[in-house]
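Student: Questions regarding the structure given below will be posed in turn.
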Amino acid sequence: TQDFLHREEVEKFLQQYNQEVQQPEKWFWYHQIKAIQFLNLLTLSIWWEIFIKKNSTFIE
């Protein structure tokens, strides 16, 4: 996150995700959309480490 994404925004998203996932009254598809966003963020960060930073520890 320090190179590509704004750390504060990522932390805000993760905190909000952690709070909202504990709220079962939220609409089911809202949870699904947030989970997909979380997965996309994770995929992007792993891709960044492997292909941009050339850090191969994720694939060993």
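Only the coordinates and a few stated rules stand behind these numbers; no lab work does. Values in this document were obtained by computation on a predicted structure and should not be read as measured data. Glycine gets a Cβ as well: all are built from the backbone with ideal geometry, and neighbour counts include every protein chain shown.
Student: Using the count of nearby Cβ atoms within 10 Å as a rough guide to exposure, how do 17, 30 rank from fewest to most?
Tutor: Lowest to highest Cβ neighbour count: 30, 17.
Student: Which FRET efficiency value, to the nearest 0.05, is calculated for residue 20 and residue 52 with the Förster distance at 25 angstrom and r the Cβ-Cβ distance?
Tutor: 0.25
Student: Using Cβ counts within 10 Å as a stand-in for footprinting exposure, how do 48, 29 rank, fewest first?
Tutor: Ascending number of Cβ neighbours within 10 Å: 29, 48.
Student: Could I have the simple spin-label model distance between residue 40 and residue 9, label points 7 Å from Cα toward Cβ, reported in nm to one decimal?
Tutor: Output for this residue pair reads 1.2 nm.
Student: Helix 7-20 against the longest principal axis of the chain: what's the angle in degrees, Cα atoms only, rounded to the nearest 10?
Tutor: Long axis of 7-20 versus the principal axis of the chain: about 30 degrees.
Student: Right, here's the next one. Could you name the lysines in cross-link range of residue 34, using Cα to Cα under 28 Å and dropping any fewer than eight places away on the same chain?
Tutor: Output for residue 34: 12, 26, 53.
Student: Please give the per residue volume of the convex hull enclosing the alpha carbon atoms of the stretch 7-58, rounded to a whole number of Å³.
Tutor: Here the figure is 81 Å³ per residue.
Student: With 10 angstrom as the radius, rank 43, 57 by how many other C-beta atoms surround their C-beta, starting from the fewest.
Tutor: 57, 43
Student: I've got another one for you. Specify the angular offset, from 0 to 90 degrees and rounded to the nearest 10, of the alpha carbon long axis of helix 28-47 from the longest principal axis of the alpha carbons in the chain.
Tutor: It works out to around 10 degrees.
Student: If you plug each phi of the stretch 51-56 into the Karplus form 6.51 cos²θ - 1.76 cosθ + 1.60 with θ = phi - 60°, what whole-Hz ³J(HN,Hα) values come out, in order, with x for Gly and Pro?
Tutor: With coefficients 6.51, -1.76 and 1.60, one gets 9, 9, 7, 6, 9, 8 Hz.
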